[in-house]
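> Take this structure first; my questions come after.
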Amino acid sequence: MNNRVKKSLFVGLAALGFVAAAGAANVNPASAKTYAKVVSNKTLTANDTDRNVNFTGNSALYSKAGTLKGARVKASKTTLNGLASSTSSKNNVRAYRVATTNRGSVYYKVVTYDGQYRGWIYGGKTANVFGGGVESYSTTTDPKAAATTSSSNSSSATSTSTSNQTTGLTDAQKSATYKIATTGTSNDGTQVTYKTPAWTQYKQGRVITDSSKYKDATFKITDQTTRTREGDLWVKVEATDSANSAANGWIKFSGLTTGTTPTDNFDANKSVKIAYRDVTTGKTIDKTNAWTTASANTKQGDATTNNVDNSGRSLTDYLASVAAPSGYSYKLSSGTTVNPDLSNLTITPAATTAKFGDTLTVDVTPNAKATKVQYYYESAANGSIKPMGSVKNLV
């Protein structure tokens, strides 16, 4: 009896197992996940500045197009959103490749300027039009206008240092001459010059790596901008002496100090600026003067005729009384280099037609350098010493 029960149970269980197996075999298999495929992958050829982008935080950064098999997240949306609002230009982003999948999705390969993040990010449905996880971005911004363009009101900003100004330059600051305040090798934007403001163009680095040899060099400012993320003011400088032109480039305005004050309390409504040009190089030298009227009722553009300064000198009288800059003599139109007779001075524009706010440029010539003579002697046959000749050397 027990054997029959055991046998029937065994047969019944076996039958149930068969049915279960058969039922499992009849279930439809799950569909395999399908992945996108890349149908185009190209290098972006647009101008460098047109390929600067910023993250939007709407898509993560992947090792490959996010819908491809094996794609893994390299930076989350949260991380990219933080980079998007960063105040460091090291987190600027450059797009350099574009891929399109068979589903019509566009992905861009991007890299942060510091190289910390690199990968593929969804960019919308239209190639070469940034969208999705990235948007076009300008790494530099035109500075806000200066609070005033009157140099008399801004002389304190240019007399010794440039502090941390973020607005645009005043007229006085544009015309001033500058030196690098602290020379050296620091890569913080204040001691050396750059091809573009630091970290505003991908892999555009320094012009010079050590400014020590330029500690006495003076520079004029030829351009200005601010870095979008930091908001700090950068200026493009050009050496006043071509011998120092290897240092020409961009530097933080706060890294400069004035080499000279361009004019004393120059007011375009009351003054005329006097600049000096070295006729041997064509360069304006690091020296300026200003003539200022004693009148209280003049304005920029008015003729200077019949006006005198506090010493009773007209503009032409002032020009005739001021000595040439140290190391120079006046270059007269007759070709000689003795002090004027004002009528022979080469002045552009003419002093007799000058208006308030004008800059008159006076040609000067470097003074000849002194020489010294060194004599050489030899012994004569009778034991006396006689001169062999002399050689002239510059002092």
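> What is the packing order of peptides 271-282, 71-82, 35-46, taking the mean over residues of other C-beta atoms within 10 Å and listing the highest first?
For the peptides 271-282, 71-82, 35-46, the packing ranking is 271-282, 71-82, 35-46.
> Sticking with this one: Based on other C-beta atoms within 10 Å, arrange 245, 89 from fewest to most.
Going from sparsest to densest Cβ surroundings: 245, 89.
> Report the label-to-label distance for residue 144 and residue 114 in nanometres (one decimal), using points 7 Å from each Cα along the Cα→Cβ vector.
2.7 nm
> List the aspartates and glutamates whose Cα sits under 18 Å from the Cα of residue 287, skipping any in the same chain fewer than 8 residues away.
Leaving aside aspartates and glutamates fewer than 8 places away in the same chain, those within reach of residue 287 are 171, 216, 238, 241, 264, 267, 278, 358, 363.
> Below 17 Å, Cα to Cα, which aspartates and glutamates can residue 125 reach? Residues fewer than 8 away in the same chain don't count.
135
> Right, something else. If you add up the charges near residue 34, with Lys and Arg at +1 and Asp and Glu at -1, over every other residue whose beta carbon is less than 11 angstrom from its beta carbon, what do you get?
Local net charge: +4.
> Using the structure shown, select from 42/69; 203/283; 179/355; 69/90; 109/195 the pairs with a Cα to Cα distance greater than 28 angstrom.
203/283; 179/355; 69/90
Each reported figure results from applying straightforward, stated rules to the coordinates on display, with no laboratory input. Here the structure is a predicted model, which means the values were calculated and not measured. FYI the Cβ positions are ideal-geometry reconstructions off the backbone, even for glycines, and counts take in every protein chain you see.
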